[in-house]
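Read the figures in this text as sums done on the coordinates, not as results from a lab. Given the structure is predicted, the values throughout are model-derived calculations rather than measurements. Here the Cβ positions follow ideal geometry from the backbone for every residue, glycine too, while neighbour counts run over all protein chains shown.
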């Protein structure tokens, strides 16, 4: 029996060279696993292929090499077993919030009756705090409300896995925080398995059980898998008081600021892409560079493009 809910094996994606040369690898030798009910974030600089990996997991793109196994079956195309929330809300502007959710629900359960459809739509709109906006069209909603509709639509089909492509990146800090809190509550209530792209270190620490760190592209790889040792439930207002918080945060920022470049230039001699190093900076001194870079990284931005 397969141990992991999702397993990515030796994944690579190459695109044709503009000058007719050999294909250029965006990423290669990407290997990682996700357990059922786990929340995994992936962080890396722009151009390392994060969104391409997510699109392959969603079945919206094809890998050049490697394969993805989810729940014992190979991913080979889109499926309602995987719900996707993109950077843009991707709502149909001529439909109300409820009708946008209903469209997905009917795709999942085409034979469901009106009462069942209404109940499902109402339940998931309520989960994201939009009970009073069900009959509003996207033009009548704020950016944060549109993203909530997208999240409700993705959860409403009860997918085995939720894929989030930096869904809060365009939102102001207050709105982003509110939706993060709602996402935490929904995932805790449903046990949802989540794979999420983010550029926000603090967002990753708040949400994730594991954080995948990607080296710079082209030819990017998973450089490290960081275990988030902060206990759940987590609160945005309290996590910074946990003594494990700053070692984890500094480790992530240090990677983005310097170690990602060093890795790209020269991976460690003992690096094995089949088994990227598993680190727990909240509990153990797994990266001596953290201690010498704390003062530097305190002044570095936690949000890198």
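So here's what we get for this one:
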{"read-out": "Any chance residue 251 is closer than 21 Å to residue 40 by Cβ and either out of contact with any helix residue (DSSP H, G or I) (no Cβ under 7 Å at 6 or more places or on another chain) or in a helix (DSSP H, G or I) (or both)", "value": "yes"}
{"read-out": "The listed residue being more than 30 Å from residue 251 (Cβ to Cβ) and assigned to a strand (DSSP E or B), out of 19, 14", "value": "14"}
{"read-out": "Of the criteria (1) in contact (Cβ under 8 Å) with a residue 40 or more places away in the chain; (2) over 21 Å from residue 260 (Cβ atoms); (3) surrounded by fewer than 20 Cβ atoms within 10 Å (Cβ to Cβ); (4) more than 16 Å from the chain's Cα centre (by Cα), which one residue 24 fails", "value": "(2)"}
{"read-out": "Filter pass, residue 122 being on the phi < 0 side of the Ramachandran plot, surrounded by fewer than 19 Cβ atoms within 10 Å (Cβ to Cβ), part of a helix (DSSP H, G or I) and without any contact (Cβ under 8 Å) to a residue 12 or more places away in the chain", "value": "no"}
{"read-out": "The range 37-50 - residue that is within 15 Å of the chain's Cα centre (by Cα) and surrounded by fewer than 17 Cβ atoms within 10 Å (Cβ to Cβ) and, of those, farthest from residue 11 (Cα to Cα)", "value": "37"}
{"read-out": "Residue among 66, 77, 129 that is surrounded by 14 or more Cβ atoms within 10 Å (Cβ to Cβ), at positive phi, assigned to a loop (DSSP other than H, G, I, E, B) and free of Cβ contacts under 8 Å to residues at least 60 places away in the same chain", "value": "129"}
{"read-out": "From the options 223, 204, residue that is buried (at least 23 other Cβ atoms within 10 Å of the Cβ), part of a helix (DSSP H, G or I), in contact (Cβ under 8 Å) with a residue 12 or more places away in the chain and touching a strand residue (DSSP E or B) at 6+ places or on another chain (Cβ under 8 Å)", "value": "204"}
